Amino acid sequence: MSESLHQAFDLGLFWEYRKVLIAGLAVNFYVFAAAAVVALGIGLGAALLRVNRLPVFRWLGTLHVEIFRNAPEYIMVVWVHFVLPLLLGYLIRTRLEFNPFVSSVIGLGLVYSGYFAETFRAGIENIPIAHIEAGRSLGMSERAIFWRIVLPQVVRRMLPESVNQFISLFKATTIVSLIAVPDLMYDVTMITQQEMRPLPLYTGAALTYFVVILAASSVLRALSERWRAKIYA
Amino acid sequence: MTAPTIRVVDLHKRFGALEVLKGVSFDVERGKVVSMIGASGSGKSTLLRCINHLETPSSGDVLIGGESICFRPGRNGERSPRPLSEINRIRRDLGIVFQQFNLWPHMTVVGNVIEAPRRVLGLARKEALALGAACLARVHLADKATQYPARLSGGQQQRVAIARALAMQPKVMLFDEPTSSLDPELTEEVLGVMRELAADGTTMIVVTHEMGFARDVSDRVMFLHNGLIEEEGAPEALFGAPKSERLRQFISKHVR
């Protein structure tokens, strides 16, 4: 029995296809990086809306967060890929088609912008007003105070929480395989159809993701702890 | 006749239903040191925060070097509230030191000191660093320039805060209970720096519980009670021969 189990689990097959699979993993990273940039940018914008003086802006920010935090990643990616080009094409009267890579980045970026908006908002609201008053007393403009005093502290304070969300985002990039973006999962699925040996391939993929995420999160946590300890004794 | 460095005119400040300042007026001439004493809740901090417009007065005016920080002159003598950009311009002439130091933890000591000169006055990095070194030397902390505030003692942090305010070369230095958060051993190092500033001819308004400092260093002392100046005058007169009963009680409670 252990003979056939050993045969079934032959990870050598996974190793054989390593070039293709590494290229697939790289696609996961590209999608992750691009979606992270989108999510951080839009998330920061939404957070600023949420803490604005005017109630209408606060309402817009809350609307954004509630819509995108409560949307499953897969639904959002599929919707952006299949529905949004139809809608936009209708508006400008041409036939539009989105590159699946672009759809994934936009879909994932929007969903995670909801999470990052809340992270940023919590960070901004926790900066002591005293630091801001010190800046005002020195004649600094509100913009200078935000970029030089508030935002740098928000980034440092929210780094541990953000690491968790980056990990979720990286894990979520596997769903892009379902709209034919050639990431690791997609490659594994294609190869399985040819080789008809799902065990080593899917197990190898799972192990790969696990190792990458564990390594990255350990390094990021260690770095962020050292960075914070230097400043907040 | 030159305008007084600071002129406060009939200042009122109300927070909701509570009126904290009920009509305070006084002048501070250049080079003079004015101490404000009084019980908690008498309005001393609020008065200081109105002077640099961290709080907006409910009515009345504050003039810095003859220029109102609350209102801008309009046509036909009409006044309108000052926009933030002009308030910030006038704030450069007012340095303030807070009770809780309020240093920025993510910047080094010298980073804290030169941030405003760089962003607000547009100083280049080299000049700003030279200015920072000079200000830190004035508070006897030149060797701590590259440290982060979290590593410094309370007295050292407060001296950095003084250096940060001095770096903008303000006309007036405002102190809001600068030693109230410090252990008694650390109070003297900060008071020492303040004494040196006074001797150098700095115009200062100091809200304080340190009666010794108020008596020895001030040109004038104001006793605030319930949002009004109950009594004011030279320190010898106020401490030696207080006229009001409340002041007498206050002094007996606070002077050891």
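The values are calculated or read from the model by the stated rules, or taken from the named source; none is laboratory data. Nothing here was measured: the structure is a model prediction, and the numbers come from that model. Glycine gets a Cβ as well: all are built from the backbone with ideal geometry, and neighbour counts include every protein chain shown. Ligands, DNA and RNA are stripped out before the accessible areas are found, and what is left, the full protein with its side chains, is counted by its heavy atoms. Shrake-Rupley method; radii C 1.70, N 1.55, O 1.52, S 1.80 Å.
General remarks:
- Phi-derived couplings, Karplus 6.51 cos²θ - 1.76 cosθ + 1.60 at θ = phi - 60°, listed residue by residue for region B:172-183: 9, 10, 9, 10, 9, 6, x, 10, 5, 8, 9, 4 Hz, with x used for Gly and Pro.
- Looking at the protein assembly as shown alone, DSSP beta bridges between its own residues are antiparallel in about 55 percent of cases.
- At 0.890 mPa s and 25 °C, Stokes diffusion of region A:2-232 via Kirkwood alpha-carbon radius, µm² per second: 122 µm²/s
- Average projected area [Cα convex hull, region B:118-255], square nanometres: 9.8 nm²
- Evaluated at q = 0.06, 0.11, 0.13 Å⁻¹, the base-10 log of the normalised Debye intensity for the protein assembly as shown, with identical point scatterers placed on the Cα atoms, takes the values -0.44, -0.97, -1.18.
- Quick note on region A:33-132: its Rg to Rh ratio, both from C-alpha atoms and Rh being the Kirkwood radius, is 1.08.
- Scalar couplings 3J(HN,Hα) for region B:44-49, obtained by applying the Karplus form with A = 6.51, B = -1.76, C = 1.60 to θ = phi - 60°, are 4, 5, 4, 4, 4, 5 Hz; x denotes Gly and Pro.
- Other-chain or far-sequence residues with amide H under 5 Å of B:I6's (modelled H): B:V28, B:G65
- A 1.4 Å probe run over the protein chains yields, for region A:2-232, 54 Å² of accessible area per residue, whole-number rounding.
- Sulfur and carbon atoms: percent of accessible area, the protein assembly as shown [1.4 Å]: 58 percent
- Under-5 Å amide H pairs with B:T203, H placed in peptide plane, nonlocal only: B:G31, B:M173
- C-alpha center-to-center spacing [region B:187-231, region A:41-60] in angstrom: 44 Å
- Among beta bridges from DSSP that stay inside chain B, the antiparallel ones total about 55%.
- When the square roots of the Cα gyration tensor eigenvalues are ordered a ≥ b ≥ c, the ratio a/c for chain B is 1.5 or more and a/b does not exceed b/c, which makes its shape oblate.
- For chain A, a Gaussian network of Cα nodes joined below 10 Å ranks A:G43, A:G89, A:G139 by mean-square fluctuation, and the top entry is A:G139.
- Summing charges over all other residues whose Cβ lies under 15 Å from the Cβ of A:L11, with Lys and Arg as +1 and Asp and Glu as -1, gives -1.
- List of region A:126-146 residues, accessible area with partners at least 40 Å² below that of the chain alone (1.4 Å probe): A:H131, A:E133, A:A134, A:R136, A:S137, A:L138, A:G139, A:M140
- 3J(HN,Hα) from dihedral phi, region B:23-29, Karplus parametrisation 6.51/-1.76/1.60, rounded to Hz, x for glycine, proline: x, 9, 9, 6, 10, 10, 7
- The distance from the alpha carbon centre of region A:73-124 to that of region A:135-185 is 18 Å, rounded to a whole number.
- Accessible area in square angstrom per residue, region B:189-256, 1.4 angstrom probe: 47 Å²
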